Amino acid sequence: METQKSAFSVALKYAIITALASFIFGIIMYVTNLYLNQAVSWLQYVILLAGIIFCVKDRRDKDLGGYITFGQGFSVGFLFCILTGLFSLITSYIMISFIAPDMIEQILKMTEQSMIDKGMSDDQISMAMGMTKKMMTPVWMSVWVMFFTAFFGAILSLIVAAIMRKENSQLQQPQ
């Protein structure tokens with residue numbers, strides 16, 4: 001009899017793959033200077049969504065005999081997102097600290113220009129930039145990446161679990 005893999009092992013496998021894909025995508029965005037384009041940066045969430053879909057589908061089809069409840073789907077999807085967030089925290093820190101240390105400076109310049117374009121006063125810009133600079137360190141940016149991965153991952157996991165849910169009608173009790 002074949003032993004069933006744990007939800008953790010499935011989530012871990014896809015979290016590693018997804019984190020590496022996101023890291024490579026981040027390097028490509030940096031090299032091509034697209035990391036300043038807000039629309040392109042949302043593609044990171046497409047990578048996350050694909051990882052959730054593959055993770056839940058793998059769990060359903062290979063481990064649970066083709067059936068998965070909403071709760072099981074959400075659980076494995078959210079566990080995947082937490083693990084992906086932890087790996088993303090590490091890879092983001094490496095990216096910002098060692099590979100692209102000038103990234104923060106470029107983001108700050110873009111943010112300041114955006115405030116100028118909105119017509120904010122010099123005092124408002126100065127105060128806002130002071131607060132922004134405090135949050136734009138490699139550690140804080142990595143923590144934010146993890147937080148947003150978990151937050152958006154939870155929402156995406158709910159959606160994927162609802163779509164991929166397939167309950168075994170043979171196991172349900174007659175009423």
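Going through (1) under 21 Å from the mean Cα position of the chain (by Cα); (2) surrounded by fewer than 15 Cβ atoms within 10 Å (Cβ to Cβ); (3) farther than 18 Å from residue 158 by Cβ one by one, residue 61 falls short only on (1). The condition of being free of Cβ contacts under 8 Å to residues at least 60 places away in the same chain and either surrounded by 14 or more Cβ atoms within 10 Å (Cβ to Cβ) or under 16 Å from residue 162 (Cα atoms) (or both) holds for residue 51.
Determine if region 15-29 includes at least one residue that is surrounded by 21 or more Cβ atoms within 10 Å (Cβ to Cβ), over 18 Å from residue 138 (Cα atoms) and either of a type outside the set (Phe, Trp, Tyr) or over 18 Å from the mean Cα position of the chain (by Cα) (or both). Yes, the conditions are met somewhere in region 15-29.
Condition check for residue 1 on (1) modelled with pLDDT of 95 or more; (2) under 15 Å from residue 63 (Cα atoms): one failure, at (1). Within the option set 31, 10, 56, being touching a residue at least 60 places away in the same chain (Cβ under 8 Å) and either touching a Lys or Arg at 6+ places or on another chain (Cβ under 6 Å) or more than 16 Å from residue 161 (Cα to Cα) (or both) holds for one residue only, 10.
Looking at region 62-175, the helices (runs of 4 or more DSSP H) lying wholly inside it that each contain 2 or more residues that are under 30 Å from residue 5 (Cα atoms) sit at 70-94, 138-164.
The values are calculated or read from the model by the stated rules, or taken from the named source; none is laboratory data. This structure is a prediction, so every number in the text was calculated from the model and none was measured. As a convention, Cβ positions derive from the backbone with ideal geometry for all residues, glycine included, and neighbour counts pool all protein chains shown.
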